[in-house]
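Comments concern the structure below.
The values are calculated or read from the model by the stated rules, or taken from the named source; none is laboratory data. Since we're looking at a predicted model, the values are computed, not measured. Glycine also receives a Cβ, built like all others from the backbone with ideal geometry; neighbour counts cover every protein chain displayed.
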Amino acid sequence: MKVDEVRQTESPAYAVLQGQGSQTRRILLVEDEPLMRHLSTKMLTDAGYDVEAAEDGAVAWDALQVKSFDLLITDNSMPKVTGIELIEKVRAAGMALPVIMATGVLPKDALARQPWLQPVATLIKPYTLVEFLGTVKTVLCGAFPVIMFQLCLPLAISAQEVKQAPDGAVRPNAVTLSVRGKCDYSEDGVTFTKFERGHIFEQGAIIRTGDDARTDLFLRRTGTTIRLQAGTEMSLEKMTVTMKDGLPVVHTLLDLRAGRIFTVVRSAVDGSTLEIRNAAGRSVVEGSGVGRYIITADGTHVSAIGSVIPLKVIGENGITIIAAGQQFARKDGKPLPVSTSSYVEDLIQLDELQAITDGGAPEQPSPKP
């Protein structure tokens, strides 16, 4: 079956809902009910969006293989491929694509079992025109920062890739989600080259940001997003994955040589590890759940409020566990009390506010076959 394609039309009545002068955004709408699909498509095209409509999740998935979109709006209860199954495919492919689920019944049980599939927004039928277009505008205008919707990207690896790998394992890589200012990289530690959004880094790459620059990276097979702030240098020293009980176990080691990083970890498999080496030793994140951390090269560590996975610092003073809302300083090797969490909140909010200014959702990298 073909995807129904509807071209953009102009309608002053809806222009304010999209925002005048904004770049035309491409939306993939997935709805199996013909009348609802037609009405929703018309509302979006009248509002100035470029829309493609698919009658089920299977058709939508075919469209995602050949075209890029800024937003996916999907129903859940559909034949062939459900909405939740479609989101799972999108996340497993490493597509940095925000999703709105517009459905009569939210699949709460499925989302509870697989929280990384949570859409950035939901609409429960019946909803109004204002609610529908307002939600679309909110997501596309970047009210959900890039850093935040990357939490939805899972620790995932396809069975096909595993079969193709000669040693039964697949090497992870890092996809560049956004670049602000002068950022460059080196593969040999000598020659540095400028990189842009969409660039893919392999194990061993050294990445630098200028004095007024920053970049966001997504470690595609680990479910981790890392923001390198201005004046940062970091090496992707180790990025490996093995299979355990049919699930990928990923081990990542980053050498933070200068500056500061803000990392968001979404780990779904126990046994996977993220290590960041700096002046204080090694900061280790191990376990399943969500963690948000700020780590500096000189040894300061901050664990964000709401982090499920504690940060473990292994240094000259032994092992220190940093719980959510705490800060660790290399000077005395002890965590500061949770009462200092206002400082933590300020740092985290700064990164999230900066993410909004990056222009909303980044262009998604093309999925590998």
Point to revise | Lone unmet requirement of (1) in contact (Cβ under 8 Å) with a residue 60 or more places away in the chain; (2) touching a Lys or Arg at 6+ places or on another chain (Cβ under 6 Å) for GLY299 | key: (1)
Review point. Among the residues of the range 40-96 satisfying the criterion of being under 19 Å from LEU111 (Cβ atoms) and charged (D, E, K, R), which is surrounded by the most Cβ atoms within 10 Å (Cβ to Cβ)?
Key: ASP75
Point to revise | Residue list for the range 297-332, restricted to those being part of a loop (DSSP other than H, G, I, E, B) and surrounded by fewer than 17 Cβ atoms within 10 Å (Cβ to Cβ) | key: ASP298, ILE305, GLY306, VAL308, GLU316, ASN317, ALA323, ALA329, LYS331, ASP332
Check your understanding: Mind checking whether some residue in the range 190-199 is in a loop (DSSP other than H, G, I, E, B), at pLDDT below 80, small (Gly, Ala, Ser) and closer than 27 Å to VAL90 by Cβ?
Key -> no
Practice item. Go through (1) at pLDDT 80 or above; (2) more than 20 Å from the chain's Cα centre (by Cα); (3) surrounded by 14 or more Cβ atoms within 10 Å (Cβ to Cβ) and name the single condition SER341 misses. Key: (1)
**Study point:** Qualifying positions in the range 191-207 - surrounded by 14 or more Cβ atoms within 10 Å (Cβ to Cβ) and over 15 Å from LEU177 (Cα atoms)
**Key:** PHE192, GLN203, GLY204, ALA205, ILE206
Review point. Given the structure, is ASP184 touching a strand residue (DSSP E or B) at 6+ places or on another chain (Cβ under 6 Å), at pLDDT 90 or above and not polar (S, T, N, Q)?
Key: yes
Point to revise | Any hit, the range 268-279, residues being more than 23 Å from THR240 (Cβ to Cβ), in the same structural domain as MET239 (by TED's automatic domain parsing) and not in a strand (DSSP E or B) | key: yes
Practice item. Kindly indicate whether THR263 is farther than 30 Å from MET243 by Cα, buried (at least 17 other Cβ atoms within 10 Å of the Cβ) and modelled with pLDDT of 85 or more. Key: no
